[in-house]
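Participant: First, the structure itself, so that you have it in front of you.
Every read-out reported here was derived from the displayed coordinates using simple, explicitly stated rules and does not represent laboratory data. It should be emphasised that the depicted structure is a prediction, and the values quoted were computed from it without experimental measurement. Every residue, glycine as well, gets a Cβ built from its backbone with ideal geometry; the counts of neighbours run over all protein chains shown.
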Amino acid sequence: MSAERWPVLVTRRLPPVVMEALKARCQLDAWEADGAIPRNELLRRLPGKLGAITLLTEKVDAEFLDAGRDLRIVANYAVGFDNIDVVECTRRGVLASNTPEVLTETTADLAWTLLTAAARRIAEGDRLLRARTPWIWGPEMMLGQDIHHKTLGIVGFGRIGRAVARRAHGFGMRVMYHDVTRAPEDVERELSADFRTFDELLAEADFISIHVALTPRTRHLFGAEQFRRMKPTAVLVNTSRGPVVDEAALAAALRAGDIFAAGLDVFENEPEVHPDLLDLDNVVVIPHLGSATVETRNAMGFLAVQNLIAALDGRRPPTLINPEVWYRRST
Ligand code: DGY
């Protein structure tokens, strides 16, 4: 007997191998045009769907769930799920899943790419040459900050934060971290990472890389006050979520020389980038590329599909955000 093919909405075209895997088990309704699916179109397509694969560009809220009243699972194609009202999903008995682990190393690589680019003024140098600006090697031309043997401060010491810490040892760096809960001793030992209060970390670190989830507590965790506490030579890297940093305050701090530079993959009001940042040379900005490699985007897709199909087949999805819905169903 052939397996059932489930009616499913996919809100954006996923990598081709992932779309093929989906088609094998689903009657697929996929938004194929470029860009995010318009909200009214999304709401129009949701009724009758038993599953949906969503992106961080779609708000999964009460309105979404009202339209998707037949949904059994919302499988997010991202590790972050601040686009999902998890409480509302749970209240309605809708499973929600994300894609952790498969993107950890790739995102850690990108945090380091931004760190080195910002410290060594790579994007600025590239812009200089592309503008055909006359230049000659000089002892004081475009001086950056050393990275090796400096202090790296990690804010948010989950999977990605730890992967960033691991890479620091190749640079002979000292590593410190801050998180709401202290990591187990064996993790601290393995990564030679010392716990610090947030304020201590701000004052001591030469490089600060942010790896917290976006919650009401972390919104604008970095603002004018925090920039003032950092070293004037410090470099800030954000590959987590834009609203964790107050962009207007960051632009002012970069302009005033309160900190040396920043590397940003994420923005407060994506896809907008604060115009003041775009006017500055000491900030490297890239368009939310943390997990953007062929291998990782495929892996994220396969994990989202695995979650979706498991839920529809009546098996426990591997990476649930609200496992209580599953327990409630199976008791
Ligand atoms: C995530 O997974 O949360 C990223 O921001 C998108 O790759």
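Participant: In what sequence, highest mean first, do 287-296, 200-209 appear when ranked by Cβ atoms within 10 angstrom?
Facilitator: With the highest mean Cβ count within 10 Å placed first, the list reads 200-209, 287-296.
Participant: Mind checking the full-extension length gain between GLU41 and ALA203? Use 0.36 nm per residue of separation minus the Cα-Cα distance, one decimal, nm.
Facilitator: Numbers: separation 162, 0.36 × 162 = 58.32 nm, distance 4.86 nm.
Net length gain for the segment: 53.5 nm.
Participant: Grab the other residues whose beta carbon is less than 12 angstrom from that of ARG297, score K and R as +1, D and E as -1, and report the net.
Facilitator: +1
Participant: Using alpha-carbon pairs under 8 Å, 6+ residues apart, how would you state the relative contact order of the chain in percent?
Facilitator: Working: 623 pairs, mean separation 61.4, N = 331.
Taking the mean separation of contacting Cα pairs over the length of the chain, I get 19 percent.
Participant: Using modelled backbone amide H atoms (1.01 Å from N, in-plane), which distant-in-sequence or interchain residues come within less than 5 Å of VAL10's amide H?
Facilitator: ASP29, ALA30, TRP31, ILE53
Participant: In a GNM of the chain with a 10 Å cut-off on Cα contacts, which of ALA131, ALA193, ALA262 has the highest mean-square fluctuation?
Facilitator: Answer for the Gaussian network model of the chain: ALA131.
Participant: Rounded to the nearest 0.05, what FRET efficiency do MET142 and ARG228 have when you use their Cβ-Cβ distance and R0 = 25 Å?
Facilitator: Once the sixth-power term is evaluated, E becomes 0.45.
Participant: Under a crude label model (7 Å from the Cα following the beta-carbon direction), how far is GLU20 from THR181 in nanometres?
Facilitator: Distance between the two pseudo-spin positions: 4.1 nm.
Participant: Would you list which lysines come within 24 Å of LYS23, measuring only between C-alpha atoms, while excluding same-chain residues fewer than 8 positions from it?
Facilitator: LYS49
Participant: Per-residue HN-Hα couplings for the range 50-59, Karplus 6.51 cos²θ - 1.76 cosθ + 1.60 at θ = phi - 60°, whole Hz, x for Gly and Pro?
Facilitator: Computed from phi, the couplings for the range 50-59 are 8, x, 9, 9, 10, 10, 5, 7, 10, 7 Hz.
Participant: Same structure again: For the range 1-146, build the charge dipole from Cβ charges (+1 Lys, Arg; -1 Asp, Glu) around the Cα centre, then report which of PRO38, VAL79, GLY144 sits farthest towards its positive end.
Facilitator: Going by the charge dipole, the pick is PRO38.
Participant: Under a GNM of the chain (C-alpha, springs under 10 Å), which listed residue has the highest mean-square fluctuation: TRP137, TRP112, TRP31?
Facilitator: TRP137
Participant: Count the net charge of all other residues whose Cβ sits under 13 Å from the Cβ of VAL17, scoring Lys and Arg as +1 and Asp and Glu as -1. Write down the numbers at each step before the final one.
Facilitator: Details: positive: ARG13, LYS23, ARG297; negative: GLU20, GLU295.
Net charge in that neighbourhood comes out at +1.
Participant: Something else now. What nm distance separates the two modelled labels at LEU129 and ASP313, each placed 7 Å from Cα along Cα→Cβ?
Facilitator: The modelled label-to-label distance comes out at 5.1 nm.
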